Amino acid sequence: MIRFEGVTKRYDSGQEALSDVSFELESGEMAFLTGHSGAGKSTLLKLIMLMERATSGEVWIDNQNLAKLSKRHIPLLRRKMGVVHQNHQLLFDRSVYDNVALPLIVAGYHPRDIGRRVRGALDKVKLLHKEKMNPQMLSGGEQQRIGIARAVVNKPPFLLADEPTGNLDPALSAEIMQLFKEFNQVGVTVLVATHDLALIARMHHRSLILRDGSLIGNGATKLAPNNDANMDDN
């Protein structure tokens, strides 16, 4: 469960990135987060990951108030979250296998468990046969699937994605979204930030629409010409 209660985020510069945002994402639900450039999508995700803290209001994860979470407990919270980025953030001096294994190594998993989990994650994204390759040898879509495998290798209950299809063509974007849907179908709570209204309209999931830091929509996404939500977010 992810719950925002009257959340405002104001930076030291005076910029108000989010203003009185309230919503709840049920455990096992999949939803999209959309809005124009600078609407606050990335800030909202950072609040969930505790990369930032709310200026006012409350953010709850699994019935835990993040405002009351100490710094030493932040790593434990983040282990519950798989995160997928637009630019993959892969290590090109390591193999596909090693990239996916990294979160498990950091968490101290036994080598035998690491092998089993990594190969299971790579099989899920249909890249098991390329585990020994360098990511640079793969296509953009394959690199994104490596990023997804790394995000889910420790089986987190939450999967967050920030513009995961921004650099992909429509066919590859649809494949990536289908992967998110499959993870959601086995109980993972999924929140995807994207500006691609045409794509998410076909997915038939709830959309949270931000405009200038305010939540202006919380329901099914409909295609509309010249909608300002159909813009890249920085």
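The values are calculated or read from the model by the stated rules, or taken from the named source; none is laboratory data. Just so it is clear, the model here is predicted, and its values are computed rather than measured. Positions of Cβ are backbone-derived with ideal geometry, glycine not excepted, and every protein chain shown enters the neighbour counts. Accessible surface areas use protein heavy atoms only, side chains included; no ligands, DNA or RNA. Shrake-Rupley method; radii C 1.70, N 1.55, O 1.52, S 1.80 Å.
Let's see how each residue does on (1) part of a loop (DSSP other than H, G, I, E, B); (2) open to solvent by 30 Å² or more (accessible area, probe 1.4 Å):
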site	(1), (2)
HIS129	no, yes
MET133	yes, yes
GLN144	no, no
THR165	yes, no
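Restricting LYS181, LYS155 to residues that are within 15 Å of the chain's Cα centre (by Cα), at positive phi and surrounded by fewer than 23 Cβ atoms within 10 Å (Cβ to Cβ) narrows the list to LYS155. Taking strands (runs of 3 or more DSSP E) as the structural unit, those lying wholly within the stretch 1-106 and holding at least 2 residues that are within 29 Å of ARG119 (Cα to Cα) and under 19 Å from the mean Cα position of the chain (by Cα) correspond to 30-35, 81-85. Answer yes or no as to whether GLU52 is crowded, with 17+ Cβ neighbours inside 10 Å, acidic (Asp, Glu), out of contact with any Cys (no Cβ under 6 Å at 6 or more places or on another chain) and in contact (Cβ under 8 Å) with a residue 40 or more places away in the chain. Against the criterion (crowded, with 17+ Cβ neighbours inside 10 Å, acidic (Asp, Glu), out of contact with any Cys (no Cβ under 6 Å at 6 or more places or on another chain) and in contact (Cβ under 8 Å) with a residue 40 or more places away in the chain), GLU52 qualifies. Looking across the stretch 195-221, the residues that are hydrophobic (A, V, I, L, M, F, W, C), at pLDDT 85 or above and open to solvent by 20 Å² or more (accessible area, probe 1.4 Å) come down to ILE209, LEU215, ILE216.
Taking the stretch 26-39 as the range and being surrounded by 21 or more Cβ atoms within 10 Å (Cβ to Cβ), at pLDDT 90 or above and out of contact with any His (no Cβ under 7 Å at 6 or more places or on another chain) as the test, only LEU33 passes. When the residues of the stretch 117-127 are filtered to those that are in a helix (DSSP H, G or I) and open to solvent by 30 Å² or more (accessible area, probe 1.4 Å), the one that is modelled with the lowest pLDDT is LYS124. Taking (1) surrounded by fewer than 18 Cβ atoms within 10 Å (Cβ to Cβ); (2) over 30 Å from GLY120 (Cβ atoms) in turn, VAL21 satisfies each apart from (1).
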